[in-house]
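First up is the structure itself, then whatever we jot down about it.
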Amino acid sequence: MKHILRIAVALIFIASGFVKAVDVVGFSFKLEEYFSPSVFNMPFMESQALPIAIIVVALELILGFMLLLKIRLKFSLAALIALCVFFGFLTFYSAYFNKVTDCGCFGDAITFTPWESFVKDLILLLGLLFLWLMYRNQFQLLEAKKQVRFIALSFFVVLMGLITLHGILQEPLIDFRDYKIGTDLNAEKINIEKAPSEYKTFYSLKNDKTGETIELNQDEYVADKKYWAEGSPWKIEESKTTSKIVKQGYKSEISKFKPESVDGIDLTPEILQAKKAILIFSYKPIDADREILSKTEAKANTQKDALTYGISTNPNTFKTIENAVMDGTAIKTIARSNPFVLILQNGKIVDKIPAKDYLKQ
């Protein structure tokens, strides 16, 4: 029983670390959300998000593999318990205060709600504690003595390091996102329109006489006159009004694909209906290499048969092609490079590459 539990827990950590290693830049974007003023208010840490992401991923992978092969079992269990407590704190905070809607535990491969993430961390923590209890009298006996285990660990570390490096220098080796090559954005938009998500406004009301507080959705509030009639002791706490999803529709990040002209005109229909569209994206123009941007614009301009736009968070980023603007987070969802090029044919993604690689084609 304990061997099955140990292998299962180890594989979960390895799988979680692997998915994040493939797209460690995407995981760093998630950490930036945690460091933002609206969550932990640690903006000085945002610039360190990528190094921290690499460290977290390395810990998950190495400790998970050590647990799998029973290498330094006491240390690996203790370290994984500490890591799980840390993750548990983050996911509980996100769930309780409704701050970060997806912890990024399994990258874009599997998404969890905040409470699902917290329950997952809690189950893992219990599993680790059970393993500690079951192995506590055997720690010294189980110290790995076979050299082959350390050779396997070294090979594993090098392999995961190369996969992580590829995700930093290029695009992720495996694309788990909704914008993978071959995706038809027109078809996705139709699916989203057919099955939209439903939201309701929730009010926090406080009774001025008793001090009691309750939460009601918009329908419950309107249906009962005692909450809004003249002279009612119930008052809405405006700062606590929220919008919550009550019915999950077709889930796709492509719902956020909405480039707009500098005048605020939605360019989505024009782009998706074009026979060929070359879109140059930059989610943080101030950090983008200006020479690469200029050369990419020049090359795109030679494609006379294509619709060309430069899309960023700044309406003045591009100098020789038409500018469009789009939310920075939505741009980051498409690709991780800054800048990158997205090529569409009749709304279907046929290529997605860093701008520096586009120039080599």
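Each value in this text was obtained by applying a stated rule to the coordinates, not by laboratory testing. Model, not experiment: these values are computed from the prediction. Note: ideal-geometry Cβ built from the backbone for every residue, glycine included; neighbour counts use all protein chains shown.
Run the helix sum for the chain: -39,500 (n - 2.57) per DSSP H stretch of 4+ residues, divided by residue count, reported at 222 nm to the nearest 500 deg cm²/dmol. Can you show the working numbers first?
Working: 12 runs with 169 residues, N = 361.
-15000 deg cm²/dmol, from helical runs alone.
Per 20 Å bin from zero, what fraction in whole % of the C-alpha pairs of the chain is there, up to the bin with the longest pair?
24, 47, 26, 3
Quick one: how many lysine pairs in the stretch 1-129 have C-alpha atoms under 30 angstrom apart, if they're 8 or more apart or on different chains?
14
Under DSSP H, which helices of the chain have Cα atoms covering 18 Å or more of the helix axis and a Kyte-Doolittle average no less than -1.0? Don't skip to the end; give the middle numbers.
Working: long enough: 2-22 (30 Å, 1.63); 49-69 (30 Å, 2.74); 73-97 (35 Å, 1.80); 114-135 (31 Å, 1.35); 147-169 (33 Å, 1.90).
Passing helices, by number: 2-22, 49-69, 73-97, 114-135, 147-169.
Taking the mean number of other Cβ atoms within 10 Å as a proxy for protection, how do you rank 335-347, 79-91, 188-200 from highest to lowest? Don't skip to the answer; put the middle values down first.
On the way: 335-347: 21.5, 79-91: 18.1, 188-200: 13.5.
Peptide ranking by packing, descending: 335-347, 79-91, 188-200.
Which ³J(HN,Hα) values in Hz, rounded to whole numbers, follow from the phi angles of the stretch 201-213 under the Karplus curve 6.51 cos²θ - 1.76 cosθ + 1.60, where θ = phi - 60° and Gly and Pro get x?
7, 10, 9, 9, 10, 10, 7, 5, 8, 9, x, 5, 10
Pick from Lys299, Lys74, Lys120: which is most flexible by mean-square fluctuation in a GNM of the chain where alpha carbon atoms under 10 Å apart are linked?
Maximum fluctuation in the GNM of the chain, among the listed residues, is at Lys299.
Given the convex hull of the Cα atoms of the stretch 254-358, what is a quarter of its surface area in nm²? Could you put the intermediate results ahead of the total?
Values: hull surface 23.1 nm².
About 5.8 nm², averaged over all directions.
Grab the Cα-Cα distance for Asn207 and Val148, subtract it from 0.36 nm times how many residues apart they are, and report the gain in nm with one decimal. Before the final figure, lay out each step's value.
Numbers: separation 59, 0.36 × 59 = 21.24 nm, distance 6.83 nm.
Full-extension gain reported as 14.4 nm.
Set Lys and Arg Cβ to +1 and Asp and Glu Cβ to -1, take the dipole of the stretch 2-169 about its Cα centre, and tell me which of Phe89, Asn137, Ala53 lies farthest positive.
Asn137
With the dipole of the chain worked out from charges on the C-beta (+1 for Lys and Arg, -1 for Asp and Glu) around the Cα centre, which of Ser255, Thr242, Ala355 lies farthest toward the positive end?
Positive-end residue among those listed: Ala355.
By per-residue mean of other Cβ atoms within 10 Å, what is the highest-first order of 260-269, 301-310, 121-130?
Working: 260-269: 12.5, 301-310: 15.3, 121-130: 17.1.
Top to bottom by mean Cβ count within 10 Å: 121-130, 301-310, 260-269.
Give the long-range amide H neighbours of Leu307: residues separated by 5 or more places, or on another chain, with amide H under 5 Å away, using H modelled in the peptide plane at 1.01 Å from N.
When sequence neighbours closer than 5 places are left aside, the close amide H contacts are Lys276, Ala277, Ile278.
According to the Cα gyration tensor, what semi-axes, each the square root of 5 times an eigenvalue, does the equivalent ellipsoid of the stretch 253-311 have, listed from largest to smallest in whole Å?
With the √(5λ) rule applied to the stretch 253-311, the semi-axes are 20, 17, 10 Å.
Considering only Leu11, Thr302, Phe112, whose Cα is most displaced toward the positive end of the charge dipole of the chain, charges sitting on Cβ of Lys, Arg (+1) and Asp, Glu (-1)?
The residue sitting farthest along the positive end of the dipole is Leu11.
In debye to the nearest 20, how big a dipole does the chain give about its Cα centre with +1 on each Lys and Arg Cβ and -1 on each Asp and Glu Cβ? Could the numbers behind the result be given before it?
On the way: 43 positive and 40 negative charges, 318 e Å.
My answer is approximately 1520 debye.
For the stretch 198-247, just run the numbers: alpha carbon Rg, then divide by 2.2 N^0.38 Å, N being how many residues it has. It would help to have the intermediate numbers written out before the result.
Values: Rg = 11.1 Å, N = 50, 2.2 N^0.38 = 9.7 Å.
Expressed relative to 2.2 N^0.38 Å, the Cα Rg reads 1.14.
How large is the charge dipole for the stretch 155-313, taken about the Cα centre, if only the Cβ atoms of Lys, Arg (+1) and Asp, Glu (-1) carry charge, to the nearest 20 debye?
Numbers: 23 positive and 26 negative charges, 45 e Å.
With only Lys, Arg, Asp and Glu charged at Cβ, the dipole is about 220 debye.
Of Lys189/Lys258; Lys299/Lys319; Lys295/Lys360; Lys276/Lys352; Lys299/Lys352; Lys194/Lys352, which ones are farther than 19 Å apart at the Cα?
Working: Lys189/Lys258 11 Å; Lys299/Lys319 13 Å; Lys295/Lys360 11 Å; Lys276/Lys352 14 Å; Lys299/Lys352 16 Å; Lys194/Lys352 27 Å.
In this structure, Lys194/Lys352 lie more than 19 Å apart at Cα.
For the chain, modelled as a GNM with alpha-carbon contacts under 10 angstrom, which of Asp219, Asp184, Asp327 fluctuates the most?
Asp219
Counting only DSSP beta bridges with both residues in the chain, what percent are antiparallel, rounded to the nearest 5? It would help to have the intermediate numbers written out before the result.
Working: 29 of 38 bridges.
Expressed as a percentage, antiparallel bridges in the chain total about 75.
Using only the Cα atoms, work out Rg/Rh for the stretch 2-169, with Rh taken as the Kirkwood radius, to two decimals. Don't jump to the answer; show the numbers that get you there.
On the way: Rg = 16.3 Å, Rh = 16.5 Å.
That ratio is 0.99, to two decimals.
Under 5 Å between amide H atoms, partner at least 5 residues away or on a different chain: which partners does Glu322 have, H built in plane at 1.01 Å?
When sequence neighbours closer than 5 places are left aside, the close amide H contacts are Gly310.
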